[in-house]
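Take a look at this one; I'll ask things after.
The values are calculated or read from the model by the stated rules, or taken from the named source; none is laboratory data. As the structure is a computational prediction, the values presented were derived from the model and not from experiment. Glycine gets a Cβ as well: all are built from the backbone with ideal geometry, and neighbour counts include every protein chain shown.
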C-alpha cells in the first residue's frame, strides 16, 4: 500500500459533487452518484471527491472504480431550523459574505479552520452539480427548486468553478424560476444536457450573446455504471432461469405510479390504469412461447436502522411507494397461474448488483428510467413506460426514442401495442444498442476533457 504525504494530498485536484446522494433507496440516484464520480476519477485519477450538500450527516463511502478503491466523503448543507449548525446554509452564507470583506489568505485560512464544511468549499477546485438528474425544474415544487438553487448560488458566492453535469433542464413554468435558473446557467463554466431538446431549451433561456461552446450534449452518466455480480443462492437460481430456448423479460413495476393510481391522486396526469397495464403486460408475455418474467424493483425501502434515513422515509405511505412492495403484489397475483415462469427479486441489492441482475434479461420493461438505462447500457432492448418528458430525451440520446411509451398521452391498449412491437423487433434493437454503446461510453467518460477545464489545479489554503 502506497501512502501519500500530506504535501502530495494537498496537490490533488479537489472536486465537490452536488445534487445526488447515496442511501435514499432510489437505485437510480445511487447510479448517478457513482457514475459521476467515475467521470471525475477518469479525468483526475487522484482527485479528492466530496459529496457536498447530500445526506443528513457526515459519512464516507468506498467505491470500486477502475480496479481500485476510491474513498468519497459526504458532507451536507442543511436548511433545518437550527441555524447555528456548522453545516447550515445560513452559516456558510455568512462566511461567504465575511470572506468578501476580509480577502486576505490568512483570514480565509482562519475561517476555514473553524468550519470543516467551509474548508471543503474553499479548497475545492471545481464543483460539479447534477441536481438529481431531473430536479433542476419547478415541476417538483418551489421548495425543492429553491433549496437546489441556493446550494448552487452558494458556490457562486465563493467564486468556485461550476460544471452542470448531464441532466434535464426545466420545465420552468414560473417567471421566478426562469430568472434564477438563467442566473446559475450563465455562471456555470460548462452546461451539459442529457437530451438534445435540452440544448435548445438552455440556449433559449440564456438568449443572445451566450458563451459559444458552453452548452453541450452528453448522454446520461448512468450508462457508465459498472454491473457487479452479487453473491448468494438467489443469484445462482436467477442465473439458472435462462435455459436453452428461454427468453427472460425483466419487468420493473413502479411503486410511485402504482400508489398514485391506487389512491386516486393522479399526480402525473397519466391516461392509463397503471396496475391494469402491468397485468396486461404480464399476460401478453406469458402468452409468448418460452418466455419467463423477472420482477425487478429499482426503488427500495431504506432499511430500518440505517443511519439518518431521509425524512420522507418516515412519512406514512413511503413504503407503499417502493417498487419492492408492488412487485411483490404483482408476483402474488401471477405466481399461481404462471408457476415456474414468473420470478421476483427478493433480496436487497446495490445499484451495481441490480444492474447485473437486469443484465441477465433478454428484454426489459420499466417505469423507473434508470432501470431502463441499466438495461440499454448493456445492450438489452427496453421499453420505458414514461411519466415525464425525461424518458424521451434519454432514450432518443441512444437512438431508441420509439421505445418510449408515454403514459401521459397514450392509453393502455396503445402502450401494450408498443410493448408488443418492441418485443418483436428486439433482435434488431440489440444490434443497434451494441454499436451505440461502444461509441457513446468513451465520450461520456471524457466529458471533463475539454478546453474549459484544462487549467484546473489544486488551490489549497497553503497557497
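Filter segment 70-97 down to the residues that are surrounded by 12 or more Cβ atoms within 10 Å (Cβ to Cβ) and in a helix (DSSP H, G or I) and list them by number.
Answer for segment 70-97, where residues must be surrounded by 12 or more Cβ atoms within 10 Å (Cβ to Cβ) and in a helix (DSSP H, G or I): 89, 90, 91, 92, 93, 94, 95, 96.
Here's another thing I want to ask about it. In segment 21-39, which residue that is surrounded by fewer than 22 Cβ atoms within 10 Å (Cβ to Cβ) and under 25 Å from residue 116 (Cβ atoms) is modelled with the lowest pLDDT?
The qualifying residue modelled with the lowest pLDDT is 24.
From the list 94, 52, which residue is in contact with a strand residue (DSSP E or B) (Cβ under 8 Å, 6 or more places away or on another chain) and in the same structural domain as residue 163 (by TED's automatic domain parsing)?
When all the criteria are applied, what remains is 52.
Continuing with the same structure: Anything in segment 159-187 that is in a loop (DSSP other than H, G, I, E, B) and either touching a strand residue (DSSP E or B) at 6+ places or on another chain (Cβ under 6 Å) or farther than 19 Å from residue 139 by Cα (or both)? List them, or say none.
Listed by number, the residues that qualify are 159, 160, 161.
Here are the criteria: (1) more than 21 Å from the chain's Cα centre (by Cα); (2) modelled with pLDDT of 90 or more; (3) assigned to a helix (DSSP H, G or I). Tell me which single one residue 270 does not satisfy.
Only one criterion is unmet by residue 270, namely (3).
Shifting gears a bit: Name the single residue that is nearest to residue 51 (Cα to Cα) among those in segment 99-118 being modelled with pLDDT under 95 and surrounded by 14 or more Cβ atoms within 10 Å (Cβ to Cβ).
Top of the filtered list is 112.
Then there is this: Give the residue, chosen from 51, 150, that is surrounded by fewer than 20 Cβ atoms within 10 Å (Cβ to Cβ) and either closer than 20 Å to residue 38 by Cβ or modelled with pLDDT of 95 or more (or both).
Going through 51, 150 in turn, the sole match is 150.
Would it be correct to say that residue 334 is under 14 Å from residue 241 (Cβ atoms) and in the same structural domain as residue 421 (by TED's automatic domain parsing)?
Criteria not met by residue 334.
Out of the residues in segment 157-176 that are over 22 Å from the mean Cα position of the chain (by Cα) and over 25 Å from residue 444 (Cβ atoms), which is surrounded by the fewest Cβ atoms within 10 Å (Cβ to Cβ)?
The extreme case among them is 175.
Of all residues in segment 411-456 being at pLDDT below 95 and surrounded by fewer than 13 Cβ atoms within 10 Å (Cβ to Cβ), which is nearest to residue 166 (Cα to Cα)?
449
Conditions (1) in a helix (DSSP H, G or I); (2) at pLDDT 95 or above; (3) out of contact with any helix residue (DSSP H, G or I) (no Cβ under 9 Å at 6 or more places or on another chain); (4) closer than 30 Å to residue 169 by Cβ, marked per residue:
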| site | (1), (2), (3), (4) |
| --- | --- |
| 223 | yes, yes, no, yes |
| 226 | no, yes, no, yes |
| 229 | no, yes, no, no |
| 240 | yes, no, yes, no |
| 243 | no, no, yes, no |
| 251 | no, yes, no, no |
| 256 | yes, no, no, yes |
| 259 | yes, no, no, yes |
| 265 | no, no, no, yes |
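Give me a count of the residues in segment 357-389 that are out of contact with any strand residue (DSSP E or B) (no Cβ under 8 Å at 6 or more places or on another chain) and surrounded by fewer than 21 Cβ atoms within 10 Å (Cβ to Cβ).
4
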